[in-house]
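What follows is one structure encoded as structure tokens, with my remarks underneath.
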Amino acid sequence: MTRPSETAAIEHQQMVLRETLSLAVPLHMMDLRGLPPYRLASVASGSATTLGTHGDALQFGGKHCASAFNALARGLAAAALITPGGIDALGEHWCADPACRAGSRFDHADDTPPQAESAPVPRPLADVIRDLADYQPTPH
């Protein structure tokens with residue numbers, strides 16, 4: 001059981017992470033915009049590898065904290081750019097459409113025209129990351 005002071009510290013830590021990501025992810029999206037989908041998938045895969053290796057530094061600190069944070073922000077940015085309807089993570093929504101004001105990927109249902117059954121639909125971020133973790137880009 002956590003003490004009230006521990007609970008407040010955890011909530012503060014989560015708030016700081018959300019706020020810094022709300023700035024960092026759009027900056028990474030601007031940097032990555034225009035890359036082809038296979039390169040974005042490669043960026044997301046590399047980010048997943050870094051997070052898998054040093055993700056605990058985001059919670060506990062350490063010398064890999066900055067690289068883990070940047071990997072998280074860059075991976076979210078890459079996923080948002082290649083996922084139709086954008087992505088939701090940590091209570092935030094990021095989308096490839098710069099004018100997007102949706103609160104979540106589900107808000108896009110009213111904005112997009114009906115698509116053929118074979119068209120991709122928005123997916124949970126965890127599914128995108130899991131698929132991209134094993135992605136091996138082919139050189140072009």
**Message:** Taking just the alpha-carbon atoms of the range 1-68, what radius of gyration and Dmax come out, in angstrom?
**Reply:** 15.1, 48
**Message:** In the range 60-96, whose amide N lies under 13 Å from the spot 7 Å out along Cα-to-Cβ of Phe106? List them in ranges.
**Reply:** 88
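Ranking request for peptides 11-17, 51-57: highest mean number of other beta-carbon atoms within 10 Å first, then the rest in descending order.
On the way: 11-17: 11.6, 51-57: 15.4.
Highest-to-lowest ranking by the protection proxy: 51-57, 11-17.
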**Request:** Compute the length gained on full extension between Ala8 and Ser67: take 0.36 nm times their separation in residues and subtract their Cα-Cα distance, giving the result in nm to one decimal.
**Result:** 18.7 nm
**Fill in**
Simple SL model, points at 7 angstrom along Cα→Cβ for Glu92 and Glu19; separation in nm is 1.3
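With a 1.4 Å probe and every protein chain kept in, tell me what percent of the accessible surface of the range 1-112 is carbon plus sulfur. Could the numbers behind the result be given before it?
Details: 3730 of 6450 Å².
Taking all protein chains in place, the range 1-112 shows 58 percent carbon and sulfur surface.
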**Request:** Run the 1.4 Å probe and let me know the accessible area of Thr50, rounded to the nearest 10 Å².
**Result:** 40
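The values are calculated or read from the model by the stated rules, or taken from the named source; none is laboratory data. What you see is a predicted model; the values in this text were computed from it and never measured. Glycine also receives a Cβ, built like all others from the backbone with ideal geometry; neighbour counts cover every protein chain displayed. Note: accessible area is taken over every heavy atom of the protein model, side chains too, but ligands, DNA and RNA are not part of it. Shrake-Rupley method; radii C 1.70, N 1.55, O 1.52, S 1.80 Å.
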